[in-house]
Amino acid sequence: MSAGHDEADYDLNLINGAADAGDGGIPEGRALVAFAEAVLGTDDDVLRTQRTGLQAALGDAALVDAAGVVANFNAIDRVADACGIPLDPSTEDMTGEMRSSLGLDDFAMGRDLL
């Protein structure tokens, strides 16, 4: 939705590692994805490497912002999954094509578990 507000052309396939997605239309997009994956991973050396690289590429403030976004999305996603919260109908309609292209519909949805 935010891409529509600023008329940007983002390639969200970046999050699935698609080589042809480049940086996904996001400055340092690959570095941001690598950092997010490292935060959620288990290898402290990889995290240090990704954190240092992102900091060098985008600066201190962007690193702090990226860490905050990763933490919030991780928490929000876990709460929604644990509660079995289904998508509201308008969000489900708006995100159908994106969810399908990214393979997100392959995951069990809360409404399927009830």
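The values are calculated or read from the model by the stated rules, or taken from the named source; none is laboratory data. The structure displayed is predicted, hence computed values, not measured ones. Please note: Cβ atoms are built from the backbone with ideal geometry, for glycine as well, and neighbour counts cover all protein chains shown.
The table for this structure:
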| item | result |
| --- | --- |
| Filter pass, Ala19 being at pLDDT below 90, loosely packed, with under 10 Cβ neighbours inside 10 Å, over 14 Å from the mean Cα position of the chain (by Cα) and of a type in the set (A, V, I, L, M, F, W, C) | yes |
| Considering residues of the stretch 57-98 that are β-branched (Val, Ile, Thr) and part of a helix (DSSP H, G or I) only, the residue surrounded by the most Cβ atoms within 10 Å (Cβ to Cβ) | Val70 |
| First in the stretch 23-52 and within 19 Å of Tyr10 (Cα to Cα), second anywhere and of a type in the set (Lys, Arg), Cβ under 7 Å, 6 or more apart | Asp23/Arg30; Phe35/Arg51 |
| Hey, Arg48 modelled with pLDDT of 95 or more, outside any loop (DSSP other than H, G, I, E, B) and of a type in the set (Lys, Arg) or not | yes |
